[in-house]
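Reviewing the structure listed below.
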Amino acid sequence: MRQLRIPLVIVIGLALGLGLGLLIGWRLYPTEFVNATPAYLAPAYQQDYARLVAAGYAMDGDLAAAQTRLRGLGENGEAVLTAVMIDAILKQQDEPEIRQLVNLAAAVGINSPVMTPYLNQPPEGAP
Amino acid sequence: MSRRRRRQLPYSSGGKRPFWQRISTAGWLLLGLVVGLSAGLYYSWVVDPVVYINAGPSRLSEAHKAEYIFLVSQSYAADGDWPQAQQRLAALEDPNLAGTVNALLESYVRNLAPPAALRHLAALAQQLGAEGGAVAVFAPTAAALPTPTLASPLFLPTPEPLSTLTAVPALTSTATLPPQPTEVFTFQLLSQEQLCDLDGAPRIEVITQDVALNDVPGTAVLVRWAGGQDRFFTGFKPDRGLGYGDFTMSPDVSYAVALAEGSPEVSGLRVEKCADGRDGGWRLVFQKLSNTPGRDNGD
């Protein structure tokens, strides 16, 4: 009887231990997540980051730096910029910000008819 | 004796029991628990850890945080929207945000970043209440810069009383004073602070730096006092910095310090008591100005 009981006890112990370990590792004390790139930001923060990149481009006209920053948002960096820009236009948000977004979008090759009315001011720092 | 012998009989007849037969049921359970726990932790921490998406800026790497702060400074410079800049910076969850922005500004200064970028970062740091040489130099208004005592009367001719200038109104009724030449200094005073952590006699410490706040050795420093003067050079105590030089003070003597290449004169420097009762000296930091006038030559 003891011969049969021991493996059963071991299996129960293993199962309990494994469950406890997963609970601790995934829920209670998950791996500290640091050193992220902007690609891991929540959508709202990604959109805000795209606005910041556009403002930065408006200030210094450094397209290469702006493109690098957009790439930091991951594969859909330009898609985020496009979405933010169109959203800003459709909601008629702050016009200077719309112009910043449109200028950056145009510079990276995004084209949309909604951009046309805002495409008349080059960035301040552009050569 | 006999009882003990009877107990030992099974072992002596059947041989020693294997170790696993000597482990109790609770022992096996505990063993399984420990092995399972270890395996679970290894799997959840190493093999397949939780990867968060939807992170906030506080999870960004240091390099990306720096980039984020720089972009916030650019955006703030563009729209002047301080509440929005504050909200964005708050997402970094940095308890020492002013210090972080100030450190970033200083790193930009050392890396010879464009003046516009320095100005934007300095403005942000200033709004956050950061104090430092770089903020004092590049922020829109010189904040945190102690008011120096300039142009000590000790070295200037005694101004004539106003009454002697207006004594002949008939001749100078419409006269205007000729424009006074504006003195152009090679160095500006960055900071002036009392020294209370002295390990010797009270002294005047002078530190000379260039535009990028790097130490400048070999700068002649003039020290004057009533009845005497002296000069020393920076850079002769490299263990304290290439731009460092000092001068031992005597009690009850008022000193005035200026750089031979041209700088505002800081006067009224005396040995003063520190909070702990010890005699304190002074530390003056001078920064070399660029040759071109103004700060925006790189825009």
| What part of the accessible area of segment B:57-138, given as a whole %, is carbon or sulfur when the probe is 1.4 angstrom? | 48 percent
| Relative contact order (%) - criterion: Cα under 8 Å, at least six apart; region: segment B:30-133 | 26 percent
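With an 8 Å Cα cut-off and a minimum separation of 6 or more residues, compute the relative contact order for chain A in percent.
Relative contact order of chain A: 27 percent.
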| message | For segment B:183-288, what does the accessible surface come to per residue with a 1.4 Å probe? Please give it in Å². | response | 47 Å²
| Based on Cβ point charges of +1 for Lys and Arg and -1 for Asp and Glu, what charge dipole magnitude is obtained for chain A about its Cα centre, in debye rounded to the nearest 20? | 980 debye
| note | Projected onto their principal axes, the Cα atoms of segment A:38-118 stretch, largest extent first, over whole-Å spans of 32, 25, 19
| query | Under 18 Å Cα-Cα from residue B:288, which aspartates and glutamates qualify once same-chain neighbours fewer than 8 residues away are excluded? | reply | B:106, B:183, B:205, B:210, B:215, B:261, B:265, B:296
| said: Summing both sides, how much accessible area is buried between A and B? Use a 1.4 Å probe and give Å² to the nearest 100. | reply: 3800 Å²
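The values are calculated or read from the model by the stated rules, or taken from the named source; none is laboratory data. Predicted model only: the values in this text are computed from it and were never measured. A quick note on method: Cβ atoms are made from the backbone with ideal geometry, for glycine too, and the neighbour counts reach across all protein chains shown. Calculation scope for accessible area: heavy atoms of the full protein, side chains included, ligands and nucleic acids excluded. Shrake-Rupley method; radii C 1.70, N 1.55, O 1.52, S 1.80 Å.
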